[in-house]
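Reviewing the structure listed below.
Please treat every number below as a calculation from the coordinates, not as lab data. The structure displayed is predicted, hence computed values, not measured ones. Because the Cβ atoms are built from the backbone with ideal geometry, glycine has one as well, and the counts that use them run over all protein chains shown.
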Amino acid sequence: MAPSDEAFSLVIFGASGDLTHRKLVPALWTLFASRTLPEPFTILCTARTPMSDDAFRAKLKEGVKEFARFKLPNDQVWQRFAANVFYLPGDPTAPEFYGVLRQRLEELERARGGPRSRLYYLSTPPSLYADIVVNLGKAGLNEEESGWTRIIIEKPFGHDLSSAQELNRLVTKVFREEQVYRIDHYLGKETVQNVLALRFANGIFEPLWNRNHVAEVQCTVAETVGVEGRGGYYEESGALRDMIQNHLLQIVCLVAMEPPVTFDADAVRDEKSKVMKAVRPIEPDAVEASALRAQYGPGFVNNRQVPGYRQEKGVKPESTTETYAALRLLIDNWRWAGVPFYLQTGKRLAKRVSEIVIRFHRTPHMIFRRGLVSVDPNLLVIRIQPDEGISLIVEAKEPGPDLKISPVTLDFKYHEVFGGEPPEAYERLLLDAIHGDATLYARGDWIEQAWRLTQPILDHWATTPGPLPEYEAGSWGPTEADAFIARNGGKWRRP
Ligand code: BG6
């Protein structure tokens, strides 16, 4: 193929890790095989372990076989893809390595032709981010000589507010904000993006989308998995840092934001930042009332016996790290004043399900006789995964001579309407970064604001001794979670 203006190089740091193996390369392969990846391209992977290009490619092929949405059709197509993938062993903390990296990159780019557009992907442990960014800068690899230069930074972006601020400062010394792509893979999920389509491509919801009609919003991300060999990481993280500070707050912003003027990166991200600024800060003395944490004990998940969190590998037997967290937020603006937003997430829960539930106010006056009718309020349920779709739950008359009313579900299922599997989040996000569209990436100010909001909770929890409330693995979380939401008259929807 002739070199095109779209030619680019992707440099993956931390390439021997799980993310490259399970997500990044399978996503790149699927884009390539479905002819959406711009060509020609060069993928240069680097990690400490010495390995040849061929040995590395063989390893990647296993990952692609197991995890890619687009199954390997035949070896020829794979060979065409793999011929553009290279491996360079090296120590990312050593400044000398960047000279070697530059040389190899230039060599490959010369052979490939086309502009020297470069996308760096930091998929290493976060403790290496600073070194890599500084070293890229020192080696001049941040410059845009011919073509563009961008950098994707994996989560977690910081461990708390001050480390996130420090990292932002450091990164924006070396790269301009427009070059920085802070990834949150939830924003790449089709159904998360569909929140925007639902709200802004339909006229009927906007008049209802406010405190006059909405009584409460719930966002749940429930997982059945435990810490999956990541005990060491999770001990330092916990559910609030791992899921709420990023994924769930992003979802809240998409639900709560004002309509942006256009669908471009700054317009969308300005509106999301405004939501974050309007979220009422949780003062230290309000943490107990606004947040709940718990830890899973032993139990059964999908009929399989599983250990409790404290028995997991890499976890301290006296650990007080939360594996479940719930939060109650209020957004102090004209649209949402007084509407509670409840967020919850947990590992080893009864079912893998992520959804947003918009609960509307009850009818102002009930004309039907009590006892005959259901008095449940209408719900709009946006199912993020699995069984992606949207349901509207309305009241309907049951057939028959009596007036009996019960809830029915108007259901839209992605797979029934569109068929097939929805694209993986990483496919969309990688492609966007290659095309220079940061709409679905987190901006620096948003990340800091999200840390600002969660910091008092983290501080309070760090100084409040355990033990934490425990929930049985395979349950819907701690019993305290019911009382937590009931204070506002609500209850968690259990899908
Ligand atoms: C990651 C968290 O960001 O998201 C994991 O670190 C979590 O702990 C994962 O399991 C969930 O992502 P998904 O796409 O499987 O819902």
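A few remarks follow.
- Remark: the Val375-His415 segment gains 11.2 nm on full extension, using 0.36 nm per residue and subtracting the alpha carbon distance.
- Restricting the trypsin sites (Lys or Arg not before Pro) of region 276-317 to loop positions (DSSP other than H, G, I, E, B) with no more than 13 neighbouring Cβ atoms within 10 Å leaves Lys313.
- Over 21 Å apart at the Cα level, from the set Lys404/Lys491; Lys313/Lys347; Lys23/Lys173; Lys189/Lys413; Lys65/Lys313; Lys351/Lys397, are Lys404/Lys491; Lys23/Lys173; Lys65/Lys313; Lys351/Lys397.
- Between the Cα long axis of helix 425-435 and the first principal axis of the chain there is an angle of about 50°, rounded to the nearest 10.
- Acute angle (nearest 10 degrees) that the helix 161-174 long axis makes with the longest principal axis of the chain, alpha-carbon atoms: 40 degrees
- Using every pair of distinct Cα positions in the chain, the Kirkwood expression returns a hydrodynamic radius of 24.4 angstrom.
- Applying 1/(1 + (r/R0)^6) with r as the Cβ-Cβ distance of Leu108 and Ser162 and R0 = 41 angstrom yields a FRET efficiency of 0.60.
- Euclidean distance of C-alpha centroids, region 180-202 and region 268-326, integer Å: 23 Å
- Region 115-127 - phi-based ³J(HN,Hα) in whole Hz, Karplus 6.51/-1.76/1.60, Gly and Pro as x: x, 8, 7, 9, 10, 9, 10, 8, 10, 8, x, x, 5
- Taking only the Cα atoms of region 360-425, the ratio Rg/Rh comes out at 1.14, with Rh defined as the Kirkwood radius.
- Between region 346-420 and region 422-492, the alpha-carbon center distance in angstrom: 24 Å
- Cβ-Cβ distance of Leu403 and Glu288, R₀ of 45 Å, FRET efficiency by 1/(1 + (r/R0)^6): the value works out to about 0.50.
- Spin-label pair Arg176/Asn212, simplified geometry with 7 Å Cα→Cβ offset, distance in nm: 4.3 nm
- Working from Cα pairs under 8 Å separated by at least six residues, relative contact order for region 303-446 is 12 percent.
- Remark: region 261-275, residue by residue, has Karplus-estimated 3J(HN,Hα) of 5, 9, 9, 10, 3, 6, 4, 5, 6, 4, 5, 5, 5, 5, 4 Hz, where x stands for each Gly or Pro and the curve is 6.51 cos²θ - 1.76 cosθ + 1.60 at θ = phi - 60°.
- With 10 Å bins from 0: P(r) over region 404-495, alpha-carbon pairs, percent: 11, 17, 28, 31, 12, 1
- Pairwise label distance in nanometres, Phe300 with Tyr233, each label 7 Å out on the Cα-Cβ vector: 3.1 nm
- Burial order of peptide ranges 283-290, 294-301, 245-252 (average beta-carbon count within 10 Å, highest first): 245-252, 294-301, 283-290
- Residues whose amide H lies under 5 Å from that of Ser9, counting only those 5 or more places away or on a different chain, are Thr42, Ser117, Arg118, Leu119; hydrogens are built 1.01 Å from N in the peptide plane.
- Projected label distance in nm at Ala483 and Asp445, using a 7 Å step from Cα toward the beta-carbon: 4.1 nm
- Long-range amide H partners of Gly147 with built H, under 5 Å: Arg116
- Residues Gln311 and Val261, FRET efficiency given R0 of 56 Å [Cβ-Cβ distance, rounded to 0.05]: 0.60
- Applying Stokes-Einstein at 10 °C and 1.306 mPa s to the Kirkwood radius of region 296-453, computed over alpha-carbon pairs, gives a translational diffusion coefficient of 77 µm² s⁻¹.
- Cα-based helix-to-principal-axis angle, 129-138 vs the chain, degrees rounded to 10: 40 degrees
- Phi angles across region 385-391 convert, under the Karplus curve 6.51 cos²θ - 1.76 cosθ + 1.60 with θ = phi - 60°, into 3J(HN,Hα) values of 5, x, 6, 3, x, 9, 10 Hz, Gly and Pro given as x.
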